[in-house]
Every structure is written in structure tokens, then in C-alpha cells.
Amino acid sequence: MIQLDGIHRIFQIGDEQVHALNGINLSIDKAEYVSIMGPSGSGKSTLLNILGLLDHPDEGVYFLDGADVTSFPDEKQAQTRHDKIGFVFQFFHLIPRLTAAENIALPMLLAGIPPNIRHERTQQAMQDLGIGNRANHRPEQLSGGQRQRVAIARAIIMRPSILLADEPTGNLDRKSGHDVIDILEELNKNGIGLIMVTHDPDLGSRAQRQIKMIDGRIVSGAD
């Protein structure tokens, strides 16, 4: 499903060039569960942004489902991201003025999905994630664990084939964090690929495969 060949990403910081990704070669199968670990500054989040089509490599090729997505124009990359990839972030990124249900339904609204289907899918997702009674609550009225469940529901509402999670438990207490990981792993068992960045070795060890990065390079777990 995912194939990276010779991926480089360089950032210009003042007079210095920072080689955030340095010759990344990586294959990830359909519905695989992978963790990406390494110290701060090792390139984990940069790699996740490349995989999520949120950033462009300076060199190399990214194949997704056999297509060279690095060659796609911006509009086609955005459509591919919308159709195939869901995101779960450490800081939730919910819209404060929208209710939980409205946050979840937003990707469907932007996609032009009819209101009755949006409502049905949103209600089902909230029930599945145990937040059915929080539909009309705004983010500030929810606990951290509930906000992350809303974020997960929003991430999967368009039925992506890949879920990218960047430190998904980083802002949660231990119990809420375990609950969120259980949800993500259950989604993986149901056929969604899960690629998770984490600093937590205990969390990372739960994945089928652990990729370790140092200084922009993969040092183990590439294949």
C-alpha cells in the first residue's frame, strides 16, 4: 500500500540546512499496524507529514496504492488525502465553536455528503466510540479522552484506509490513553492501517512492527 523510495526533506533554518529526512526507504502493507519511534528531532513527525500528504519531499518518490502521489498536483493530493487518510493529533485540533457532532460531521459537509447521511454516520460513530451522549457538547465541555474520541470519529468518518496518529495519548491521563489506544487498535483489526508516532516505548511495542529513527534515518524496522 505504501512505498517510499529515497525520501529526503530539508528545512532551511536561518543560515543552516536541517536534513529532517535523509534517504528514507520504507514499505508498509495494507492494514498494517506500525509504530514510529525515536528521540525528539529524529524526523518522526516529518515522516508522518510526508505519509499524510501534508508536506512534500525534496527528493524521492512516494507510492500510495501503486500511484506516485509525489507527482500529483496539489488538488489531486488534497483529494487523495481526503479519500484515503485520517489523522489523529496530540492536541485534538477540534473547532471550539462547533459541537462534538458538528466537528465529526465537518469532513462530510466539506465533501458535499447529504445531511441525512451525515447525521446517520455521525450518530453511529459517536455510539461506536462511547460518546453518543456528548453530541451537543462543545470541546471545552469534554474531557481530554472524550475530545480525542471526537477527533478519532472525525478521522474515520470518511472511511479512510490509513489512520495516522501523532502522539495520540500525549495529552491524556494513563487510563484515557489506554482507552484511546484500544480504540485505535480495534479500528486496525477492522481493516484500517494504523501508523503511530510515539515517544513511549511501551506504547510503540504494541504495534506489529516498530520503526526506529535517529537523525532523519530509519535505523531499524524498515522492512
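The values are calculated or read from the model by the stated rules, or taken from the named source; none is laboratory data. From a predicted model like this one, the values you see are computed outputs, not experimental measurements. Neighbour counts run over all protein chains shown; Cβ positions are idealised from the backbone, glycine included. Side chains included, ligands, DNA and RNA excluded: accessible areas come from the protein's heavy atoms. Shrake-Rupley method; radii C 1.70, N 1.55, O 1.52, S 1.80 Å.
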Report task. Could you please find all residues in segment 88-147 being more than 23 Å from Ser176 (Cα to Cα) and of a type in the set (D, E, K, R)? Result -> Arg97, Arg118, Glu120, Arg121
Report task. Considering only residues that are part of a loop (DSSP other than H, G, I, E, B), of a type in the set (A, V, I, L, M, F, W, C) and open to solvent by less than 70 Å² (accessible area, probe 1.4 Å), look in segment 31-75 and name the one that is nearest to Ser161 (Cα to Cα). Result -> Ala31
Query - Selection within segment 140-159 - open to solvent by 50 Å² or more (accessible area, probe 1.4 Å) and in contact with a Ser or Thr (Cβ under 8 Å, 6 or more places away or on another chain) - result: Ser143
Query - Pairs with Cβ under 9 Å, 6+ apart, first in segment 189-200 and closer than 15 Å to Phe91 by Cα, second among the β-branched types (Val, Ile, Thr) - result: Met196/Val34; Met196/Ile36; Met196/Val88; Met196/Ile181; Val197/Ile36; Thr198/Ile36; Thr198/Thr169
Query raised in the report: Just one of the numbered conditions (1) outside any helix (DSSP H, G or I); (2) exposed (fewer than 14 other Cβ atoms within 10 Å of the Cβ); (3) modelled with pLDDT under 90 is not true of Leu172; which one?
Result: (2)
Query raised in the report: Would you pick out the residues in segment 114-134 that are under 21 Å from the mean Cα position of the chain (by Cα), among the aliphatic types (A, V, I, L, M) and either loosely packed, with under 13 Cβ neighbours inside 10 Å or part of a helix (DSSP H, G or I) (or both)?
Result: Ala125, Met126
Query raised in the report: Picking from Phe91, Phe87, which residue would you name as being closer than 22 Å to Phe11 by Cβ, modelled with pLDDT under 95 and open to solvent by less than 50 Å² (accessible area, probe 1.4 Å)?
Result: Phe87
